[in-house]
1. Looking at SER81, SER130, SER107, can you tell me which residue is loosely packed, with under 13 Cβ neighbours inside 10 Å and either of a type in the set (Gly, Ala, Ser) or in a helix (DSSP H, G or I) (or both)?
2. Mind checking which residues of region 229-245 are surrounded by 17 or more Cβ atoms within 10 Å (Cβ to Cβ) and either in contact with a Pro (Cβ under 8 Å, 6 or more places away or on another chain) or within 18 Å of THR290 (Cβ to Cβ) (or both)?
3. Examine region 73-82 for a residue that is modelled with pLDDT of 90 or more, within 24 Å of ILE160 (Cα to Cα) and more than 18 Å from the chain's Cα centre (by Cα), and state whether such a residue exists.
4. Pairs only if they're at least six apart or on different chains, beta carbon under 9 angstrom, first in region 36-62 and under 17 Å from LEU143 (Cα atoms) and at pLDDT below 90, second assigned to a loop (DSSP other than H, G, I, E, B) and open to solvent by less than 70 Å² (accessible area, probe 1.4 Å); list them, first residue then second.
5. Please go through region 133-156 and give me each residue that is over 23 Å from the mean Cα position of the chain (by Cα) and not in a loop (DSSP other than H, G, I, E, B), ordered by number.
6. Of all residues being among the aromatic types (Phe, Trp, Tyr) and open to solvent by 50 Å² or more (accessible area, probe 1.4 Å) in region 5-61, which is farthest from LYS76 (Cα to Cα)? Just the residue, please.
7. Going residue by residue through region 252-269, is there one that turns out to be closer than 15 Å to SER182 by Cα, open to solvent by 30 Å² or more (accessible area, probe 1.4 Å) and in contact (Cβ under 8 Å) with a residue 60 or more places away in the chain?
8. Across region 157-184, what is the number of residues that are in a strand (DSSP E or B), open to solvent by less than 50 Å² (accessible area, probe 1.4 Å) and either touching a Pro at 6+ places or on another chain (Cβ under 6 Å) or within 20 Å of GLU221 (Cβ to Cβ) (or both)?
Amino acid sequence: GYAAEMDNPLMAHLIPSELQNKKDILFGNMEEIYHFHNRIFLRELENYVEYPEQVGRCFLDQMEDFQIYEKYCQNKPRSESLWRQFSDSIFFQECQRKLDHKLSLDSYLLKPVQRITKYQLLLKEMLKYSKNCEGAEDLQEALTSILGILKAVNDSMHQIAITGYDGNLNELGKLLMQGSFSVWTDHKKGHSKVKDLARFKPMQRHLFLHEKAVLFCKKREENGEGYEKAPSYSYKHSLNMAAVGITENVKGDAKKFEIWYNAREEVYIIQAPTPEVKATWVNEIRKVLT
């Protein structure tokens, strides 16, 4: 209703010039998502109408294709920013009037984001009623996979908000974890006064663990609307995982662990919000190191 009208010569005069040729940014890969559901996923689902408890298999067979949602979500901030600039343009108002929609376009652009989060709720609900039947294992596996995709989507939404990093983030390998921590530093080099100060006052840092490096960033909350309210992370420094070591337990605090660098030349004491978060991070780091 909107995308087709952007290509309609009769509507061209209503489209603001800065919006022309921006269809891909505004709609992301919505069409790809639509075709996946229309041609593939819906047809697969229809095979299970009589055997709902086995629907987990359907998800597992198509799990690869669900990655298209990650692409959509990564583009969402650019799309929102564009929409905000032109939301009150006559073109959009005219499309909405023609379609007789009560809601404006942005409500529909949010649908794929809502949909991917809804799948895990549906699968959880199905699992609840499928405890001992054939297909329960597939449902559980499908749920785990969808949660994995949601985590990847969430992580990548944070990653695209990193500012000030010189290199190419894609060269650091897969993003495994991201989260906020209190960090104390203790460097062998440097002024002893700095060392003493550093011991007591932690810095708040947002860490991004990639396969090849861990990035330390400072989180900045923005005060705008919608996407502009989302935080951004200004890059401070990174450690190459090839030269990192960890100490899993720090005396007197179940939430702390240490990351050290170049044979303890630099030591970072990191305090997680909970012991559970610490355990997950320590496990992931251990996997990278081994």
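1. Numbers: SER81 fails: loosely packed, with under 13 Cβ neighbours inside 10 Å; SER130 fails: loosely packed, with under 13 Cβ neighbours inside 10 Å.
Answer to the selection: SER107.
2. Across region 229-245, the qualifying residues are LEU239, MET241, VAL244.
3. For region 73-82, residues modelled with pLDDT of 90 or more, within 24 Å of ILE160 (Cα to Cα) and more than 18 Å from the chain's Cα centre (by Cα): present.
4. Every condition considered, the pairs that remain are PRO52/SER130; PRO52/GLY135; GLU53/SER130; GLU53/CYS133; GLU53/GLY135; GLN54/TYR48; GLN54/CYS133; GLN54/GLY135.
5. Within region 133-156, the subset over 23 Å from the mean Cα position of the chain (by Cα) is 133-139.
The answer is ALA136, GLU137, ASP138, LEU139.
6. Going residue by residue through region 5-61, those that are among the aromatic types (Phe, Trp, Tyr) are 27, 34, 36, 41, 48, 51, 59.
Among the residues that remain, those that are also open to solvent by 50 Å² or more (accessible area, probe 1.4 Å) are: 34, 51.
Numbers: TYR34: 16, TYR51: 36 Å.
This residue is TYR51.
7. Yes: region 252-269 contains one or more residues that are closer than 15 Å to SER182 by Cα, open to solvent by 30 Å² or more (accessible area, probe 1.4 Å) and in contact (Cβ under 8 Å) with a residue 60 or more places away in the chain.
8. Kept after step one, since they are in a strand (DSSP E or B), are these residues of region 157-184: 162-163, 175-184.
Restricting the remaining residues to those that are open to solvent by less than 50 Å² (accessible area, probe 1.4 Å) gives 162, 175-179, 181-184.
Now narrow it down to the ones that are either touching a Pro at 6+ places or on another chain (Cβ under 6 Å) or within 20 Å of GLU221 (Cβ to Cβ) (or both): 162, 178-179, 181-184.
Result for region 157-184: 7.
The values are calculated or read from the model by the stated rules, or taken from the named source; none is laboratory data. All values reported here derive from a predicted model rather than from experimental measurement. Ideal geometry is used to build each Cβ from the backbone, glycine not excepted, and the neighbour counts take in all protein chains shown. Surface areas here come from the heavy atoms of the whole protein model, side chains and all, with no ligands, DNA or RNA. Shrake-Rupley method; radii C 1.70, N 1.55, O 1.52, S 1.80 Å.
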